[in-house]
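These notes concern the structure reproduced below.
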Amino acid sequence: MAMAPIRLGLRRIRQQGLLATGQLSRSLKVNGLGDQAFLSQVHRFERVLAKLLAAAMIVVLVVATGELVITLINQLLGGSSHWLGNDMTRFLDQILALLIALEVLQNLTAYLRDHVVQIELVLITALTALARKVIVMPEGMLKTPGELAGLGVAVLALSSAYWLVRQSHSNRSPTRREPTSGFPEPDRSLQPGDAAEG
C-alpha cells in the first residue's frame, strides 16, 4: 500500500518531464534552434570558413608567386651561374610548395562546389608533398637508409591508396550527364536484306 503513492508520484514526475521535454523541443523549433535550423547554421558556418580559407590561400599563392618571380629575376640579372647547384634546388622547392598550396586551394573550392571532401584531391596533395620531400631533400634532413626507406614506404602507401580510390571510381557505372533525345538508336544488327524478308 505504501508503494502506490510513490509509484503514482514517479509516474507524474515522468509525465511532467516528458511534457517539459516536448515543450522545450517545440520552443527550440519556434525560436529557430531545432535540428534543421541548427544544421543549417553549421552548414553556413562551414561555407563561410571554407571561403575565408580559400581567400587566404589565394593571398598566399599571389605573394609566394611574386616572391618566386622576384627571386628568379634577381638570379637572372645578378648573373648567377650556379643553376645546377643549391639555387636550382631552392627554386624547385619553391615551385613544388606553390603546387601544394594550389592543390589545397583546389580542395577548398571542391568542398565549396560539391559539399564533400574529395579523397582523390587529398591523396594527390599528400603525394605532391611527399614527392617534394623526396625530390628536394631539406638541408637539415639526415639521409639515413631508415629514413629513405620510410619515405619509400609512405610513397608506396599513398600511391596504393590513390590507385584503390581511382579503381573504385572507375568500377562504378557512369551517370549520364547529357539529356536524352527520346529517340532510340537504330538497331545496327539487322542487315538491309533482313528487313525486306521480314
Check whether at least one residue in region 93-102 is farther than 30 Å from Arg47 by Cβ, assigned to a helix (DSSP H, G or I) and open to solvent by 50 Å² or more (accessible area, probe 1.4 Å), and report yes or no.
yes
Failed criterion for Thr128 (all others in (1) surrounded by 10 or more Cβ atoms within 10 Å (Cβ to Cβ); (2) at pLDDT below 85 hold)
(2)
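The values are calculated or read from the model by the stated rules, or taken from the named source; none is laboratory data. Predicted model, so just to flag it, every value in this text is computed and none were measured. Glycine gets a Cβ as well: all are built from the backbone with ideal geometry, and neighbour counts include every protein chain shown. Heads up: the accessible areas ignore ligands, DNA and RNA and are worked out on the full protein's heavy atoms, side chains in. Shrake-Rupley method; radii C 1.70, N 1.55, O 1.52, S 1.80 Å.
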